[in-house]
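Here it is: the structure, laid out below.
The values are calculated or read from the model by the stated rules, or taken from the named source; none is laboratory data. Small disclaimer: the values here were computed from a predicted structure and weren't measured. Cβ placement follows ideal geometry from the backbone for every residue including glycine, while neighbour counts extend to all protein chains displayed. Heads up: the accessible areas ignore ligands, DNA and RNA and are worked out on the full protein's heavy atoms, side chains in. Shrake-Rupley method; radii C 1.70, N 1.55, O 1.52, S 1.80 Å.
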Amino acid sequence: MLAKRPAGRNASALKYDILTAMGAYALGQGKGAQKLVLRFMTLMTARYNWQRDELAVGQREIARLWDVDERTVKREMAKLRGWGWLVVKRQGARGRVTEYGIDLERLLADTEERWGAVGPDFEHRMQGADEPAPNVVPLRPGAVPPAPDVSDGSEWSLAKAVLHAEDPANYASWVQGLERAGRAGGRLVLKAPSRFHANYVMSHLMPRLLAACRDVDGEVSAIVVEA
């Protein structure tokens, strides 16, 4: 299971994965739990220090962020401690706010049941599997995939050329195998070699693909990837 603290080169991606796991978990719960997880996610995003594993925020500030009174803050923070997601690192005293930490291992264990709802690629990544994900074509060290043929002048061919220049390795693994299936207005449809491939592209690469397409054709408003 992925339980390492988000830090270093992939820190941003790990943070998004943790927040995604929390969001997916919340959507499978009742309204009370949904609201609690949403509040916790907002607090983490706004005030949690990932590097120091520290959340040091006063109840008044949390109440303002959550748009509730301090009594509600006390109750909700107690619930999070009861879940084991939030732990006290240093009790507040003499004007000093209580410092909390996040038990990431407990949080991930509780949300694991919902990882599959996000997608097989997400579940595989969160499980921390060392073996390459299926349908991923590794790029040999030093190997650069050939640039795409842009002779047809289509928006997708031109966008592929942009993506190839930006990141050859990522292009070889995920973009090269995508084929143009059609277009309706501003909606571009791409064909992926497998459902896993399509899910991964939709979950992780859509902003990049859409930006590349808009660079060459400003009328592209959406991209759909089908298997």
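Using the Cα centre as the reference, give the magnitude of the dipole from point charges on the C-beta atoms of region 10-127 (Lys, Arg: +1; Asp, Glu: -1; all else neutral), rounded to the nearest 20 debye.
Using only the charged Cβ atoms, the result is roughly 680 debye.
Using the membrane-span-like helix rule (whole DSSP H runs, Cα extent along the own axis of at least 15 Å, mean Kyte-Doolittle hydropathy at least -1.0), which helices of the chain qualify?
Answer set is 11-27, 31-47, 155-166, 206-216.
Sticking with this one: Ranked by accessible surface with a 1.4 Å probe, highest first, in what order do 144, 162 come?
The residues order as 144, 162, largest area first.
Let me ask you something else. Based on DSSP loop calls and a cut-off of at most 10 other Cβ atoms within 10 Å, the longest stretch of the chain free of exposed trypsin sites (Lys or Arg not before Pro) is what?
95-227
Roughly what percent of Cα-Cα pairs across region 14-108 reach past 16 Å?
Pairs farther apart than 16 Å: 54 percent.
Just to verify a number: FRET efficiency for residue 93 and residue 167, C-beta to C-beta distance, R0 = 41 Å, to 0.05?
Result of the calculation: an efficiency of 0.20.
Continuing with the same structure: Given the rule -39500 (n - 2.57) for each run of at least 4 DSSP H residues, summed and divided by the residues of the chain, what is its mean residue ellipticity at 222 nm, to the nearest 500 deg cm²/dmol?
Computed ellipticity for the chain at 222 nm equals -13500 deg cm²/dmol.
Enumerate the amide H contacts of residue 56 below 5 Å, restricted to partners 5 or more residues apart or on another chain; note that Pro and chain-start residues carry no placed amide H.
Correct list: 49, 100.
Follow-up. What FRET efficiency do you get for residue 46 and residue 206 if R0 is 25 Å and r is their Cβ-Cβ distance, rounded to the nearest 0.05?
After rounding to 0.05, the efficiency reads 0.50.
Output the relative contact order of region 10-127, whole-number percent, from Cα pairs under 8 angstrom with separation of 6+ residues.
In percent, rounded to a whole number, it is 26.
Hey, what did region 155-225 get for relative contact order, percent, Cα under 8 Å, at least 6 apart?
Reported relative contact order: 37 percent.
By the gyration tensor of its Cα atoms, with a ≥ b ≥ c the square roots of the eigenvalues, what is the shape of the chain: rounded for a/c under 1.5, prolate for a/b over b/c, or oblate?
Prolate is the answer for the chain, as a/c is 1.5 or above and a/b outweighs b/c.
Any chance you could look up the accessible area of residue 69 with a 1.4 Å probe, heavy atoms only, rounded to 10 Å²?
It works out to around 90 Å².
In the structure shown, do any of 31/74; 15/191; 31/191 have a Cα-Cα gap over 28 Å, and if so which?
Over 28 Å Cα-Cα: 15/191; 31/191.
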